[in-house]
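Here is the structure we will look at.
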Amino acid sequence: MSLTPADVHNVAFSKPPIGKRGYNEDEVDAFLDLVEVELSRLIEENNDLRAQVEQLDAQLESARADLDDARSGAAPAAPVRAVEEPRRLNPVPPPSALEQTSPGGGGDHHVQAAKVLGLAQEMADRLTGEAKAEADTMLAEARTKSEQLLSEARTKSDTMVNEARTRAETMLNDARTRADTLERQAREKATSLERDAQRQHTEILGAVQAERTTLEKKIDELRTFEREYRTRLKTFLESSLRELGDRGSAAPTSEGARAAAGQQSGYSFGPRAEAG
């Protein structure tokens, strides 16, 4: 399928997927504008060459028609081959020389016309060949230049793709490095927090254990005091009961009461015992 300037002008590229880098839109548009202008120029130049070739073909057809008319009006004894042989062997003289060599015969005019038409045909063939050769050369140059532009475009595109891929890989490596750094820092911070929490837990457990030991020691002291208090109270009560049994049911004298009070005051139970 041939490529036209309209195709280049109306071409549209899709956007790259999310997360992938694409080409620079301004650079791509500028390059497409250059391709469109160059392609338009080449097509216009090619059309001009085709018009020139068609014009030369028309002139050639006209010359051939004139030659056919001249041949049809010539005598049968003077065929075209007989006319063309002397023309190939000798150069064609100008019309003035022909008029001088043949001053008056009707057949000479036909021969002269045939020679002129043959010369015109040769010139037309030569011009047509040159025009076609020039057109082929320009078309080949146009194709070469177009291929060169396409090659440069592909090279530039590959370069841009490689640069984009390199930048993407660099950004990805930077992101991975940063992510690894953040992860390592987070792990170190978590380890530090866990270590601090473990230390605080150990300190709290130690403080609780020490307080528990102190409380248990105080409880043991209170239990010991309770046993001693009970023993002393029991001894005092038994002694009082024996004394009362010895004296009988009589009321104790004032001296006995004072002695009992003095004996009771001899025990030192402390503030807690008296409060109990």
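Give the residue that is modelled with the lowest pLDDT, with candidates limited to residues of segment 1-43 that are of a type in the set (S, T, N, Q) and not in a loop (DSSP other than H, G, I, E, B). Please lay out each step first, then the result.
Within segment 1-43, the subset of a type in the set (S, T, N, Q) is 2, 4, 10, 14, 24, 40.
Going one step further and asking which of them are not in a loop (DSSP other than H, G, I, E, B), we end up with 10, 40.
Working: Asn10: 78, Ser40: 86.
If we take residues in segment 1-43 being of a type in the set (S, T, N, Q) and not in a loop (DSSP other than H, G, I, E, B), then Asn10 is modelled with the lowest pLDDT.
Can you name every residue in segment 191-250 that is of a type in the set (Gly, Ala, Ser) and surrounded by 10 or more Cβ atoms within 10 Å (Cβ to Cβ)?
Quick first cut of segment 191-250, residues of a type in the set (Gly, Ala, Ser) only: 192, 197, 206-207, 210, 239-240, 245, 248-250.
Across segment 191-250, the qualifying residues are Ser192, Ala197, Gly206, Ala207, Ala210, Ser239, Ser240.
So which residues in segment 151-165 are surrounded by fewer than 12 Cβ atoms within 10 Å (Cβ to Cβ) and either at pLDDT below 80 or charged (D, E, K, R) (or both)?
At the first step, the residues of segment 151-165 found to be surrounded by fewer than 12 Cβ atoms within 10 Å (Cβ to Cβ) are 151-152, 154-155, 158-159, 162-163.
Glu152, Arg154, Asp158, Glu163, listed by residue number.
Working carefully through the options Thr137, Thr181, find the one that is under 30 Å from Arg41 (Cβ atoms) and either part of a helix (DSSP H, G or I) or under 47 Å from the mean Cα position of the chain (by Cα) (or both).
Numbers: Thr181 fails: under 30 Å from Arg41 (Cβ atoms).
Selected residue: Thr137, the only one of Thr137, Thr181 that is under 30 Å from Arg41 (Cβ atoms) and either part of a helix (DSSP H, G or I) or under 47 Å from the mean Cα position of the chain (by Cα) (or both).
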>> With the requirement that a residue be exposed (fewer than 13 other Cβ atoms within 10 Å of the Cβ) and either of a type in the set (S, T, N, Q) or touching a strand residue (DSSP E or B) at 6+ places or on another chain (Cβ under 9 Å) (or both), what does segment 8-51 give you?
In response: Asn10, Ser14, Asn24, Asn47
> Only one of (1) within 19 Å of Phe31 (Cβ to Cβ); (2) within 26 Å of the chain's Cα centre (by Cα) fails for Arg167. Which number is that?
Replying inline: (1)
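Only one residue in Glu169, Glu84, Glu147 is of a type outside the set (A, V, I, L, M), modelled with pLDDT under 65 and out of contact with any Phe, Trp or Tyr (no Cβ under 8 Å at 6 or more places or on another chain). Which one?
On the way: Glu169 fails: modelled with pLDDT under 65; Glu147 fails: modelled with pLDDT under 65.
Just a single option satisfies the conditions, and that option is Glu84.
The values are calculated or read from the model by the stated rules, or taken from the named source; none is laboratory data. Not measured: the values here are computed from a predicted model. Please note: Cβ atoms are built from the backbone with ideal geometry, for glycine as well, and neighbour counts cover all protein chains shown.
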